[in-house]
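A short reminder: the numbers here are calculations on the coordinates, not readings from a lab. Values in this document were obtained by computation on a predicted structure and should not be read as measured data. FYI the Cβ positions are ideal-geometry reconstructions off the backbone, even for glycines, and counts take in every protein chain you see.
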Amino acid sequence: MCGIVGYTGGRQAAPIILDGLAKLEYRGYDSAGIAVKNNGGEMQIVKAKGRLKVLCELTSDGENLGGVCGIGHTRWATHGEPSENNAHPHCNDEKTVVAVHNGIIENYAPLKAKLMRRGYTFYSDTDTEVATKLVDYYYKKYNEPLRAISEFALHARGSYALAVMFSDYDGEIFAIRKDSPMVIGYTDGGAYLASDVPAILKYTRKIYYIDNYEIARLNANGVTFYNLDRDEIQKQSTLIDWNAEAAEKGGWEHFMIKEIHEQPDVIKNTVNYFLQDGKLNLSELKLTDKQLSEIDSIIITGCGSAYHVGIVAQYVIEDLARIPVRVEIASEFRYRKHVLTGRELVIVISQSGETADSLAALRDMKERGIKTVAVVNVVGSSIAREADGVLYTKAGPEISVATTKAYSAQLIAMYLIALKFASLRKTLTEAYYDSLINELVSLPDKISRVLENKSEVQKFASEMVDKKDVFFIGRGIDYAICVESSLKLKEISYIHSEAYAAGELKHGTISLIENGTLVMGILTQSELIEKTVSNLKETESRGAYVAVLATEGNDNLPADFRKLSSLPKVDEHFSASIAVIVMQLFAYFLSVLRGNDVDKPRNLAKSVTVE
Ligand code: AGP
């Protein structure tokens, strides 16, 4: 996620801002910038691609940037490649309005067109430059900062934490937020704003959490808050008692549990980005409807959890779009003696966009003239740049090595690809298509409900902490859920686990079942539950301890099966998005109970850039 820091008061602003941005580096970024202004002076803007230290070197840690009022930014690219040009702060042509932004302006394209019709030109590819010039447009129209910012909020759609300086208003910073985080602080004649508490914890522990559509006006005398009607409002401050390290995790104990809880927002952001006014827009695939219609089979490839997304997607795309789909482990796929028709579409899934085996598989397919698209989280990464088209997931930077929110966002992207093909191939009734779109929109709330019941999962994990072997079994999409569940458990709890197609267990592996072996049944696919229950009974008769994860309303399961939290109902094509949350939590709690390094498990790297 982007990081924002602002300061105004009696001290030199730049060193304070750079120090604050350094405290936000954990959020992940690819470029940085700062703007400062001395009373009556010019706006000075310095930006740099790469690490924050490049900006610090350019400004001698801020010492050679005079000015007592300023804003700074570390950018996690969402629109436009990582570059100095795209880095924040952004400004109007006269450099009299300067802004930094964290979030996604979903309707930036029509807003940009509107501004261009009014004579604006643009130097970057970012939605933030559009936001800045929209503020400028209304500032020129109403000649008043609060009105300019409230008009921006009335016309921009999406998420934003926006901090703005106006050259006519010395020593003042104006800020507004919607859905993206922002905190405000004031102490000893200095006013601070930041994306997150760590950036300003050194200066003050008295924090104001600005709410959606609230505007803050900061100056050396204090902070004033307004609503969107520009009426002044009173806000209560919060005293932060976290230490600095806890503050980086927003008060969560680990990044993983923090990222697990970000999933409702991540899914909402990803769905909203591609569903504009209810219409599916996958133009970033860079394939026309005609080209997509000529595709007669899909190959999905990736590694680890990204590969597991492909297993879910195979069932979903085949069932909804009636097109053949196969899923390949990238490290195997790249060495296959392929038999290809040239009418395939290869989809490479990767959070980092730098996984060596996935990149090699992509390059191999491109050399063979096969159309390739990527589903990637890191903007401007190798796989994203080299694929013919790319759908960026809106998960933000994922810090924990074990993926959670990126996995969930990748599922959404694949569901949308399934719907795109279904729409082109006319395999669904309009009513059912619309109902599926609505189901995707409902996912964040349903996932929030699962998260609210996490204590049940924590209790179950505490009872299973000494297990040596865990088997996950299921059929269809339930099997696809098992493979990700098993990997999550293994990679952070270090407990051995296997995922098995429920019908396959009896063909050998059932010999491993002993007294007390934990066998977990995933039961979300109504047509397959009965068969999987039989398979679970087979293991139970050989001593297994059986626990099941089923959708609410499934009351006719064997009484002696341990029931994990029942899952909110959702169209069964999307069950993985709900069930995986429980399994992420199960693995997380077991890892914590076993005293492991949850965010940095042994032997693992976040991105495997070697073969
Ligand atoms: C996920 O929890 C694992 N850490 C790992 O399997 C990961 O999914 C895999 O290495 C692929 O990474 P990528 O998505 O960045 O390509």
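Here are a few things to note about the model shown:
- Region 487-509 residues near the modelled residue 465 label - backbone nitrogen below 20 Å, point 7 Å along Cα→Cβ: 489-497
- Rounded to the nearest 500, the helix-only mean residue ellipticity at 222 nm of the chain stands at -11500 deg cm²/dmol, with each DSSP H run of n ≥ 4 adding -39,500 (n - 2.57).
- Cα shape, region 470-539, gyration tensor, a/c 1.5 rule: oblate
- For peptides 188-196, 400-408, 277-285, sequence by mean Cβ density within 10 Å, most packed first: 400-408, 188-196, 277-285
- The alpha carbon centroids of region 426-493 and region 1-62 are separated by 41 Å.
- Segment residue 140..residue 555, full-extension length gain: 143.1 nm, with 0.36 nm per residue of separation and the alpha-carbon distance subtracted.
- DSSP-defined beta bridges in the chain - what % are antiparallel, rounded to 5: 60
- Shape call, the chain: gyration tensor on alpha carbons, a/c limit 1.5: prolate
- Summary of the geometry: region 541-571 and region 237-292, compared by the centres of their Cα atoms, lie 30 Å apart.
- Entry note, region 167-296: relative contact order of 19 percent, from Cα contacts under 8 Å with a spacing of 6+ residues.
- Ranking 16, 275, 201 by Cα position along the charge dipole of the chain, where only Lys, Arg, Asp and Glu carry charges on their C-beta atoms, puts 275 farthest toward the positive end.
- Evaluating 6.51 cos²θ - 1.76 cosθ + 1.60 at θ = phi - 60° for every residue in region 249-265, the Karplus couplings come out as 9, x, x, 6, 6, 9, 4, 4, 5, 5, 6, 4, 7, 7, 4, x, 5 Hz, glycine and proline recorded as x.
- Estimated distance in nm for a label pair at residue 449 and residue 84, the labels positioned 7 Å out from Cα along Cα-to-Cβ: 5.3
- Peptide packing for 351-359, 587-595 was compared via the average number of neighbouring C-beta atoms within 10 Å per residue; ordered from the highest value, the list is 351-359, 587-595.
- Relative contact order (%) - criterion: Cα under 8 Å, at least six apart; region: the chain: 11
- Computed E for residue 337/residue 509 - FRET, C-beta separation, R0 30 angstrom, nearest 0.05: 0.50
- Qualifying GluC sites (Glu not before Pro) for region 1-71 [loop in DSSP, other Cβ within 10 Å: at most 12]: 42, 63
- Peptides ranked, highest mean first, by Cβ atoms within 10 Å: ranges 572-582, 8-18: 572-582, 8-18
- Rounded, prolate or oblate (a/c below 1.5 giving rounded, otherwise prolate when a/b exceeds b/c) for region 523-605 by Cα gyration tensor: oblate
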